[in-house]
Structures are given as structure tokens and as C-alpha cells.
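Everything on this sheet refers to the single structure shown next.
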Amino acid sequence: MPGYTLGKPEVASSPLSDGEFSLLKQTVLLGDEDIRYLRMAGEVLDDQVEDVLDVWYGFVGSHAHLVHYFSGADGKPSAEYLNAVRRRFGQWIRDTCAARYDRPWLNYQHEIGLRHTSAKKNKTDGISSAAQSIHLRYLIAFIVPITATIRPFLGKKGHSPNDIEGMHAAWFKSITLQVTLWSMPFVAPSSF
């Protein structure tokens with residue numbers, strides 16, 4: 001998959017130490033039970049990924065201030081760019097559920113963060129875009145729609161309410177952790 005570089009040598013190294021990463025996981029309350037629920041969510045979501053992406057792309061596409069980040073040089077939404085990102089976005093759903101939370105995973109989160117900044121945005125897909133970076137405020141705010149809209153999909157396979165809640169809570173913790181890590185390239189190291 002073009003641009004998907006998890007575990008590859010060209011991925012930027014996260015400056016976060018293993019100890020700092022461990023404390024961050026503790027802070028979002030991510031534990032072994034959550035990992036179990038994320039694996040369960042992966043099984044539930046596997047054949048629904050395209051449907052999830054349809055909802056998310058519908059949300060982004062219905063908000064001009066968000067679809068702007070997928071524009072070409074002319075400022076209009078780029079179907080080529082949206083499609084290239086969509087494939088990785090689908091893989092990201094699967095990776096969220098299968099994450100090992102090890103150094104290669106941590107490094108890839110840093111790479112994803114960089115790809116939202118002017119340092120690497122548009123370079124992965126060779127796109128000339130009117131948007132040179134994604135504003136941090138939208139990266140953080142996007143936690144809500146990404147978390148709220150996943151819940152109905154988690155409930156489609158007949159799991160108990162407790163399991164659905166467990167999967168949803170684990171998803172929220174993982175998304176919060178990831179967006180926190182993606183935020184790192186946006187701020188001074190001393191502030192992170």
C-alpha cells in the first residue's frame with residue numbers, strides 16, 4: 001500500500017522514551033483488558049471498514065473547513081488525494097485494533113504526526129495541496145467524531161452491552177493516545 005510504512009526503516013523515530021510512553025499509556029488508562037477489547041473490535045470491524053470510512057468521509061466532505069485539507073493546488077477536493085488517504089485510513093482502523101504498542105508502533109505514530117505538519121504533509125502522496133498542514137485544533141477535535149461514530153459499528157455483531165462498552169472505551173483510549181502522540185511534532189519538545 002503506497003505510503004504505509006509501519007515498521008519500515010524510513011519511518012521517523014519517536015523522541016519519546018519508553019518510560020515516557022509507558023506513563024502516557026497509564027495516563028489514558030490503557031491496560032491489558034483494553035488490548036483484549038481492541039482485538040475483539042478488530043474482529044467486529046474487519047468487514048465493516050469501508051462502511052466506517054463512508055461515514056467518516058461523509059462527515060469530512062460535509063464540512064468545507066475539513067475537506068479543505070484534502071484539496072489540490074486549486075483549493076478543490078482532490079479525489080486522487082482522498083482515495084490515497086482512504087486506503088491508509090482503513091489500514092489505520094485495523095492497526096488501531098491490532099496495535100502492539102511497541103517501538104515500531106510508537107515510531108509510526110510519530111511519522112503520522114509529522115504527516116499532518118508542514119514537514120511531511122502532501123509528500124507521501126506527492127500531492128500539491130492548498131493546505132500545507134492540518135491545524136492541530138482539528139486533529140484533536142476529530143477524536144470526537146472518530147470515537148462517537150464507531151460505536152454503532154461495534155454493536156452490529158451481537159455482542160453483549162458490556163462487550164460493546166468495553167470495545168468502545170478501549171477505542172476511545174487508543175484514539176486519545178494516538179492523537180496525543182500525533183500532536184508531538186506540533187509543539188516544542190519542552191512542552192510535550
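Only the coordinates and a few stated rules stand behind these numbers; no lab work does. Keep in mind the model is a prediction, meaning the values are calculated, not measured. Cβ: placed from backbone, ideal geometry, glycine included. Neighbour counts: every protein chain shown.
The string of couplings for the stretch 51-63 from the Karplus curve (6.51, -1.76, 1.60, θ = phi - 60°) is 5, 4, 4, 4, 5, 5, 5, x, 5, 4, x, 8, 10 Hz, one whole number per residue in order, with x for Gly and Pro. Note on residue 119/residue 36: beta-carbon distance plugged into 1/(1 + (r/R0)^6) with R0 of 30 Å gives a FRET efficiency of 0.25.
When +1 charges are put on Lys and Arg Cβ atoms and -1 charges on Asp and Glu Cβ atoms, the dipole computed for the stretch 37-192 relative to its Cα centre reaches about 400 debye. Rounded if a/c is under 1.5, else prolate if a/b is larger than b/c, else oblate: which is the chain, with a ≥ b ≥ c the root eigenvalues of its Cα gyration tensor? Since a/c reaches 1.5 but b/c is at least a/b, the shape of the chain is classed as oblate. Spin-label model, residue 191 to residue 128: label points 7 Å out along the Cα-to-beta-carbon direction sit 3.3 nm apart. Length gained on full extension, residue 82 to residue 98: 3.3 nm, using 0.36 nm per residue less the C-alpha separation.
For residue 156, the aspartates and glutamates whose Cα falls under 18 Å of its own Cα, not counting residues fewer than eight places away in the same chain, are 43, 46, 47, 50, 51, 54, 165. If you take the Cα centroid of the stretch 1-71 and the Cα centroid of the stretch 144-186, the two points sit 10 Å apart.
Protection proxy ranking for 165-173, 130-138, using the average of other Cβ atoms within 10 Å per residue and placing the highest first: 165-173, 130-138.
Here residue 137 and residue 160 are evaluated by their C-beta separation; at R0 = 45 Å the FRET efficiency comes out at 0.75.
Calculate the FRET efficiency for residue 27 and residue 149 from the Cβ-Cβ distance with a Förster distance of 22 Å, rounded to the nearest 0.05.
In this case the efficiency is close to 0.35.
Set the bar at 22 Å for Cα to Cα. Now go through 121/173; 8/120; 25/157; 76/123 and name every pair that lies beyond it. Table pairs above 22 Å Cα-Cα are 121/173; 25/157. Model label sites at residue 66 and residue 43, defined 7 Å from Cα along the beta-carbon direction, differ in position by 3.1 nm.
Shape analysis of the stretch 56-95 places it in the oblate category; the axes a ≥ b ≥ c from the Cα gyration tensor give an a/c of at least 1.5, with a/b not above b/c.
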